[in-house]
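Read the structure below first, then the notes.
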Amino acid sequence: MLMELPIKDRITAGRALAKAMANYRDRQDLLVLALPRGGVPVAYELAEALHAPLDLMLVRKLGSPGQQELAMGAIASGGVRVLNEELVSYLHVSEETLEKVAVREQKELERRERAYRGDRPWPEILGKCVILVDDGVATGATMRVAIKALRKQNPKEVVVAVPVAPPDTIEVLRREADDVVCLAMPEPFTAIGLWYVNFSQVSDEEVTEQLERAWKP
């Protein structure tokens, strides 16, 4: 374990990740992509310390009916979708219900694209070492769809960086990413928020403000 639990806040998590990833600093091909909203404060600290540009990876979780926090899959910009087939089957989720959830989350994904990025062009992914950052992962569904969406754009490497996650999820991500950095893997895991002292919701305004700071010339 590379970090004491519970983690004070997302800023502390980002700075701790930066220390653990010092070997990536000043790489010319580096790009840090945050999964909004919670991943943005973490990624901001990481990108600042590694002297890397910061942008977003927009992904939306497909929450299970009646259990929104339980991800039956996720979608990303570009129409990429990853499903947890076992969970969908176990919960007997119909195709119609699945589509309703996907349509709703697609609208939110597009809203966030407009709200956070406006008309800013998307960063070049081809040939880049891309670090995907979130404030933690539970099932890994959201991160897995982010990896899949990135792979379609031919990056040189895909790296996952998270402060906290369950060991079995990290095992899955290690098979799909080129490198995975996780500071703590407690068991039993239960939920990301349990491992933070301050896990208050990050607002759209905070995301926009941090991106504007990162994008200042």
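The values are calculated or read from the model by the stated rules, or taken from the named source; none is laboratory data. Computed from a predicted structure; not experimentally measured. Neighbour counts are summed over all protein chains in view; Cβ atoms, including those assigned to glycine, are modelled from backbone coordinates with ideal geometry. Ligands, DNA and RNA are excluded from the accessible area calculation, which covers all protein heavy atoms including side chains. Shrake-Rupley method; radii C 1.70, N 1.55, O 1.52, S 1.80 Å.
Quick notes on this structure:
- The residue list V103, V40, V32, V88 contains one member that is among the β-branched types (V, I, T), at pLDDT 90 or above, part of a helix (DSSP H, G or I) and within 17 Å of the chain's Cα centre (by Cα), which is V40.
- Residues that are part of a helix (DSSP H, G or I), at pLDDT 95 or above and in contact with a strand residue (DSSP E or B) (Cβ under 7 Å, 6 or more places away or on another chain) do not occur anywhere in the range 53-67.
- Residues that are out of contact with any Cys (no Cβ under 8 Å at 6 or more places or on another chain) and open to solvent by less than 20 Å² (accessible area, probe 1.4 Å) within the range 168-180 comprise T169, L173, A177, V180, listed in sequence order.
- Positions within the range 1-29 being surrounded by fewer than 16 Cβ atoms within 10 Å (Cβ to Cβ), aliphatic (A, V, I, L, M) and part of a helix (DSSP H, G or I), in sequence order: I11, A22
- Residue match in the range 176-195 (condition: hydroxyl-bearing (S, T, Y), closer than 17 Å to D9 by Cβ and without any contact (Cβ under 8 Å) to a residue 24 or more places away in the chain): no
- Condition check for R114: exposed (fewer than 13 other Cβ atoms within 10 Å of the Cβ) and either under 14 Å from the mean Cα position of the chain (by Cα) or touching a residue at least 24 places away in the same chain (Cβ under 8 Å) (or both): no
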